Amino acid sequence: MKKRIKCDKNINKDVVLCETTNHRASNCTSKALLKDSISFSKRWKHIPFFRRDDYNGASEVCVIKINRNEYTRARRCLDGLESIYKDRLLLNII
């Protein structure tokens with residue numbers, strides 16, 4: 001009789017870590033996460049013309065997602081960023 005493989009309940013449970021419209025802030029965040037070996041996905045999302053006032057006229061927003069299990073490590077990693085870049089990130093709290 002074969003045993004059934006049990007999966008962690010947080011597989012494919014990605015959460016949004018942060019959003020930014022600044023390219024340098026997104027690159028700095030990516031480098032910091034890679035330095036600490038935290039897996040993430042980064043996607044640039046187009047903003048419709050009439051919603052650009054919410055993002056100070058930006059046409060794209062960068063959304064960085066991580067696994068729920070890595071959230072606390074990633075937040076500690078982002079605490080070490082320079083204040084110039086950290087101020088430009090919109091951090092999500094779960």
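What to note about this one:
- Charge dipole of the chain (Cα centre as origin; +1 on each Lys and Arg Cβ, -1 on each Asp and Glu Cβ, all else neutral): 760 debye, rounded to the nearest 20.
- Selection from CYS77, LEU90, ILE47 lying farthest towards where the dipole of the chain points positive, charges on Cβ: CYS77
- Two-decimal Rg to Rh for the chain - Kirkwood Rh, Cα set: 1.09
- The calculated P(r) of the range 8-58, using every Cα pair and 5 Å bins from 0, goes 4, 15, 22, 21, 16, 12, 7, 3, 0 in percent.
- Under 18 Å, Cα to Cα: Lys pairs in the chain, sequence gap 8 or more or different chains: 12
- Efficiency of FRET from Cβ geometry, LYS13 and ALA58, R₀ 35 Å, rounded to 0.05: 0.80
- The stretch between ARG24 and LEU91 holds 22.5 nm of extra length on full extension. This uses 0.36 nm per residue minus the Cα-Cα distance.
- Heavy atoms of ARG52: accessible area, 1.4 Å probe, square angstrom to 10: 60 Å²
- Gain on full stretching of the segment that runs from ASN69 to PHE49 - 0.36 nm per residue minus C-alpha separation: 3.7 nm
The values are calculated or read from the model by the stated rules, or taken from the named source; none is laboratory data. Keep in mind the model is a prediction, meaning the values are calculated, not measured. Virtual Cβ from ideal backbone geometry, glycine too; neighbours counted across all protein chains shown. Ligands, DNA and RNA are stripped out before the accessible areas are found, and what is left, the full protein with its side chains, is counted by its heavy atoms. Shrake-Rupley method; radii C 1.70, N 1.55, O 1.52, S 1.80 Å.
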